[in-house]
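Worksheet for the structure shown next.
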Amino acid sequence: MPVTEDVFPASFAQERIWFLHQLHPGLPLYNIAGVSKLERLGPIDPELVETAIQIIFDRHEPLRTRFELRDEQVVQVIAQNLPVRLARTDLSGSPEDLDALAAADAAEPFDLASPPLWRARLVELGGGQWRLIIVTHHIVYDAWSAAIFADDLAEVYQALREGREPVLAKLEIQYADYAVWQRDQPLDAGLDYWRTKLAGSVPLEITPDRPRPAEFTYAGRLHPFTVPAELSGQVGALARARGVTSFTVVFTAFAALLARWSGQHDVVIGSPVAAREEPEFNPIIGMFVNTLPMRTDLSGDPSFADALERVGDTVMEALEHQDVPFARIVGAVNPPRDPARTPLYQIAFNQLPFDVRGQIGTGTTKTDLTLELQNTQGEMHGWLEYSTDLYDPDTIAALAEGYLALLRTAVADPSLPLSRLPLMSAGRREEVARSWHGATSPYPAATLHELVTGQAARTPGAVAVVVPHENRTLTYGELDERSESLARLLVSRGAGVETPVAVCLPPGADLVVALLAVLKAGACYVPLDPRYPEERLRFMLEDSGATLALSRAALAGRLRGVKILTDLAPRAAEGPPLPHVTPDHLAYTIYTSGSTGVPKGVMVPHRGVVNLVESLAFTPDERMLLLTPLSFDIAGLELFGPLLAGGTVVVAPPDGPLTELLVEQRVTTVQAPPSVLEEIAAQLPPGLPRVLSGGEPLPLSLATRLQETAVELHNMYGPTETTIWSLTHRMHPGDQAVPIGTPVANTTAHVLSKAMDPVPPGVIGELYLGGDGLARGYHRRPALTAARFVPDPFGTAGGRLYRTGDLVRRLANGTLEFVGRADDQVKVRGVRIELGEVEAALTSHPGVTRAVAAVRDDAPGGRALVGYVDQAAPVAELRAYLQERLPSTMVPSLFVPVADFPRLPNGKLDRAALPCPAPAAASVAFAAAAPETAAQELVHEIWTEVLGRQGFGVDEDFFDLGGHSMLGTRVVARICSELEIELPVNALFLTRTVRRLAVAVEAALATEIDRLSEEEAAALMDT
């Protein structure tokens, strides 16, 4: 006889789980699996266990329920009776195989249309030991249900053994009654609360070890750990003292850890609640759990005690509105949809009512990261469930260690501010503080000019400088002689130890002679770019205190208020002796060339340059191109790198092609910022031995192109305040990221929190640099010097660290990755945007050579993300291209083609000079394009009906128009019904626009037609 079935609407939670299951039907994503020791049953009779489970099945309808989509609605279909078949396995000869058997059972997915959505296996281990492996789909079961099942099984089994009726709680209702009741509840007030509470919330992210995939795959793993009984007792004591629950204490510690680890203080954590507010719900097996996105503001560095109050308030408010199903909260808040992230929260916390040691992982995760703890007394067991697409096991192990360290300190002294709570154990902190610095390596205790003079004495006839555009060459002997003559002239004109002498010359032999002469005179040179505005030149002269300048007669009119020497080749003459200079005396004072603010004069001693050159191991074979303007400090390496090693400086012409020069002069190294390398990449000859890129982030696309030309490509990092370069990283083919590398010799690199405490690898912190490359400070700016050059808490007394203002994170191997500026967090619509990621996606398009992403407040319609691309870029294709690779929040609203990307005099990109996005450019992005094809018309019509909206274009996002998951399911169901084709439920969620969904429809139609006969295909086309 056919099985009689009852049909009821699914609950909101079941509806959401059903939908997610349709997206990934082959994943055991919502399997709940555990192993029971059956300790409450006594001696095990397998037949009796099966009979007891049958009675429980007959008692609880969800264990006999399957799910279908009927009339565009998810329904639960309940069988009146369903026989139980308890699988049995004998492992008495190999009990060690239990874990593998349980894991295999846990990983087997369910078909939601085929009941039961529950299975069990009774395993004999020998010696009277038995285990029950239980696997249930979350759509019919929750943690509370597990406790009900365990209680019912123990009572029914004992009753069967004793020949009596089991004493069980009376079921006033069944789960289906709850589902019907839930849909009749008024939710308006609760929706208003959640809409207000979560407005403007942003994704919370622990920086991943790998780029986030375009779509969340749910691949996961578990990391188990234990909270010792002593610490668990302290948690309980603090909870009682503060009048909160233990849940609030452990949750607050997790929120504090995430805020510290991520650098975000607006923390949203998803936390499930039992949602069994009515007493009739308590004895029922079923999926009652509702997840609440708990948002807490931890800004202002509160104490842990204050944070407890904030979190306690958040929890109480959330529980007062727990009746609103999570799916309805998502619909009301309507956050930006991102297939790579779960909506509203990406990290979760759960306190389980049972010992998690009996739970089995399924190789999946529903979020980026979830912490689960049991709430039993004494030793607490828990685990971190994490996305293996994002995180390495070592990162999660460090996170678990950090949680215990933070929790231990917080409960011991809740008055401590969050910034003072540790992220590591004390031993680990000490290890991190002393690790991953540059090698301690000896280098000459001499000045720059002394080392060049030494080279001249050893190889006077060797070529030191070649200037092809001047048709001039200087040997070391000539360079030494000319610079000494000029130095004596400078001394006679008043130059002395650390006297500032301005040098304002075009690239050429005279420039090299002038710089060396200033150093030999004991002075420090102040480089001035002839192209600078006269007002800026005047400021630098006045601020530096320079009274002498070496320049050309043609530039004299722009250098007012100083004595100008234009005869740079005076005849050798006896004069006053040259002063004695030490490595700690200044070599130059160079002014930073930022596009805003007052320029700062950075005072750099000889020692830092000598250390850098020695660290980079230049050789006498070096022939380095002097390409960079002297006002950019990296020009110092192009000069002194070759000269200190006995190599040759090849001076590039101010303008003109480079290929012939590089080949004829056998140039071995070219150094430039990425902005310049982008422009000259095509001029670099194949086989060029070395390219050094620095001063700006190096895009991966450019790095890949440069590696096709250069034998070696090095990404360099270093502020002017730490002498040119402090970190270096050699790129290799196939690299998927561009780190800034590891420290050069005699350089320390600390990644610190705002409290100047070391952070663990993987955690974003500010980079502090120290060591022998440290500048003396800022000229005439003692307050700024004190603020940026701070005491070194990890080194010797009197040591200093330079605060770079750059956010970085350290990889497990010690390599550093640049993240952004500490003072320049970019957000659009409340979502933090990584401009580098947008630029990388843009330049990955084969038609885009150069791209810059910027947030512009002057965009049409207000603040918007703008993509600037070269003029040849196919602007019309970029939106669809990026939608396949980036979250919708990171796709620029506007695309602006530019002929030339503006640059500062030092070659870096001048973002302030990027053109204003005009309304004409906006038309590329904002035009509400009408349907053009039959498929687009059909999809557009269905969207109009389902969404209840009109007037939208074929490139607008379904979710931005007010769509949500179940409406998306209805759209796909309508398309499949009207065209008699099959589309996966996730088709809309992967395409998101009418245009792209129409392409998927056309592809499905083509596949369907291929399967038909000619007559059937013709009939289909006629319809």
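The values are calculated or read from the model by the stated rules, or taken from the named source; none is laboratory data. Since this is a predicted model, take the numbers as computed values, not measurements. FYI the Cβ positions are ideal-geometry reconstructions off the backbone, even for glycines, and counts take in every protein chain you see. Heads up: the accessible areas ignore ligands, DNA and RNA and are worked out on the full protein's heavy atoms, side chains in. Shrake-Rupley method; radii C 1.70, N 1.55, O 1.52, S 1.80 Å.
Under 20 Å from a label point 7 Å along Cα→Cβ of Ser419: give me every residue in region 733-760 with its amide N that close.
Answer for region 733-760: 750-760.
Once you keep just the Cα pairs under 8 angstrom separated by 6 or more residues, what percentage relative contact order results for region 1-121? The partial results should precede the final answer.
Working: 122 pairs, mean separation 44.7, N = 121.
It rounds to 37 percent for region 1-121.
Mind giving me the FRET efficiency for Glu47 and Asp735? R0 is 60 Å, r the Cβ-Cβ distance, nearest 0.05 is fine. Intermediate results must be reported in sequence, preceding the final value.
Numbers: r = 62 Å, r/R0 = 1.03.
Computed FRET efficiency for Glu47 and Asp735: 0.45.
Multiply the residue gap between Ala426 and Gln129 by 0.36 nm, knock off their C-alpha separation, and tell me the result in nm, one decimal place. Let's see the in-between values first.
Values: separation 297, 0.36 × 297 = 106.92 nm, distance 4.33 nm.
Working it through step by step, the gained length comes to 102.6 nm.
Can you work out the PRE-style zone for Asp188? Point 7 Å along Cα to Cβ, and I want the residues of region 310-326 with backbone N under 19 Å.
321-325
What angle, in degrees between 0 and 90 and rounded to the nearest 10, separates the Cα long axis of helix 12-23 from the longest principal axis of the Cα atoms of the chain?
Tilt relative to the chain: about 60 degrees.
Calculate, in nm to one decimal, what Asn81 and Glu837 gain on full extension: separation in residues at 0.36 nm each, minus their alpha carbon distance. If you can, show how the numbers build up before the last one.
On the way: separation 756, 0.36 × 756 = 272.16 nm, distance 5.55 nm.
Extending this stretch completely gives an extra 266.6 nm.
Where does each of His964, His138, His60 land when they are ordered by accessible area, with a 1.4 Å probe and the largest first?
Descending order: His964, His138, His60.
When the expected Rg is taken as 2.2 N^0.38 Å, what fraction or multiple of it is the alpha-carbon Rg of region 392-519? Provide the component values of the computation, followed by the final result.
Numbers: Rg = 27.8 Å, N = 128, 2.2 N^0.38 = 13.9 Å.
Scaled against compact globular proteins, the figure is 2.00.
Give the separation of the Cα centroids, region 229-248 to region 446-483, in Å.
73
Looking at Ser701, Gly270, Pro758, which one has the Cα that reaches farthest to the positive end of the dipole of the chain (charges on Cβ: Lys, Arg +1; Asp, Glu -1)?
After comparing all options, I get Pro758.
Bin by bin, in steps of 10 Å, what percent of the Cα pairs in the chain do you find, going until the bin that has the longest distance?
2, 9, 16, 18, 17, 13, 10, 7, 4, 2, 1, 0, 0
For Glu215 and Glu470 in one chain, what is 0.36 nm times their gap in residues minus the Cα-Cα distance, to one decimal in nm?
Working: separation 255, 0.36 × 255 = 91.80 nm, distance 5.77 nm.
Fully extending the segment from Glu215 to Glu470 adds 86.0 nm.
Tell me, what is the FRET efficiency for Leu171 and Ala104 to the nearest 0.05, using R0 = 41 angstrom and their Cβ-Cβ distance as r? Display every interim value, and only then the final one.
Working: r = 34 Å, r/R0 = 0.83.
According to the calculation, E is roughly 0.75.
In the full protein assembly as shown, how much of Leu258 is accessible to a 1.4 Å probe, in Å² to the nearest 10?
Estimated to the nearest 10 Å², Leu258 gives 0 Å².
Just how large is the dipole of the chain about the Cα centre, in debye to the nearest 20, putting +1 at every Lys and Arg Cβ and -1 at every Asp and Glu Cβ? Present the calculation step by step, with values, prior to reporting the outcome.
Working: 86 positive and 127 negative charges, 867 e Å.
Result for the chain is approximately 4160 debye, rounded to the nearest 20.
Of all accessible surface on the chain at a 1.4 Å probe, what whole percent is carbon and sulfur? Could the numbers behind the result be given before it?
Values: 21270 of 41300 Å².
On the chain, the fraction of accessible area on carbon and sulfur atoms equals 52 percent.
Largest first and in whole Å, what are the equivalent-ellipsoid semi-axes of region 934-1020 based on the Cα gyration tensor, each being the root of 5 times an eigenvalue?
Numbers: eigenvalues 119, 29, 24 Å².
The equivalent ellipsoid of region 934-1020 has semi-axes of 24, 12, 11 Å.
Nearest 5 is fine: what % of DSSP beta bridges in the chain come out antiparallel, could you say? Display every interim value, and only then the final one.
Working: 95 of 140 bridges.
Taking every DSSP beta bridge within the chain, about 70 percent pair in antiparallel fashion.
Distance from the Cα centre of region 316-389 to that of region 1-72, in angstrom?
The two parts, judged by their Cα centres, are 21 Å apart.
How much accessible surface area, in Å² rounded to 10, belongs to the heavy atoms of Ser246 with a 1.4 Å probe?
Its heavy atoms expose roughly 50 Å² to the probe.
Can you put Arg64, Arg607 in order of accessible area, largest first, using a 1.4 Å probe? Can you show the working numbers first?
Values: Arg64 15, Arg607 65 Å².
Listed by decreasing accessible area, they come as Arg607, Arg64.
For a label point 7 Å from the Cα of Ala305 along Cα→C-beta, name the residues of region 411-452 whose backbone N is under 14 Å from it.
Once the point is set 7 Å along Cα→Cβ of Ala305, 411-418 turn out to lie under 14 Å by backbone N, inside region 411-452.
Given the C-alpha centroids of region 506-542 and region 682-731, what is the distance between them in whole angstrom?
Value for the Cα centre distance between the two parts: 27 Å.
Among Lys170, Lys37, Lys197, what's the order by accessible area (1.4 angstrom probe), most exposed first?
Numbers: Lys170 150, Lys37 120, Lys197 50 Å².
I get Lys170, Lys37, Lys197, largest accessible area first.
Measure nothing but the geometry: give the 0 to 90° angle between the long axis through the Cα atoms of 606-615 and the longest principal axis through the Cα atoms of the chain, rounded to 10°.
Long axis of 606-615 versus the principal axis of the chain: about 60 degrees.
Explain nothing, just compute: Karplus ³J(HN,Hα) = 6.51 cos²θ - 1.76 cosθ + 1.60, θ = phi - 60°, for every residue of region 485-492 in order, whole Hz, x for Gly and Pro.
So the J values, rounded to whole Hz, are 4, 5, 4, 5, 5, 4, 4, 5.
Give me the one-decimal nm value for the distance between modelled label points at Ala113 and Thr4, 7 Å along each residue's Cα-to-Cβ direction.
2.6
Taking the Cα-to-Cβ direction at Glu941 and at Arg666 and moving 7 Å from each Cα, how far apart do the two end points lie in nm?
Taking the two extended label points, one gets 7.6 nm.
Any chance you could look up the accessible area of Glu945 with a 1.4 Å probe, heavy atoms only, rounded to 10 Å²?
Using a 1.4 Å probe on the heavy atoms, I get roughly 100 Å².
Ignoring ligands, DNA and RNA, what accessible area per residue does the chain give at 1.4 Å, in Å²?
Numbers: 41300 Å² over 1023 residues.
Counting only protein heavy atoms, the per-residue value for the chain is 40 Å².
Using 1/(1 + (r/R0)^6) with R0 = 35 angstrom and r between the beta carbons of Thr89 and Ala274, what's the FRET efficiency to the nearest 0.05? Mind showing how you got there, number by number?
Working: r = 33 Å, r/R0 = 0.95.
Result of the calculation: an efficiency of 0.60.
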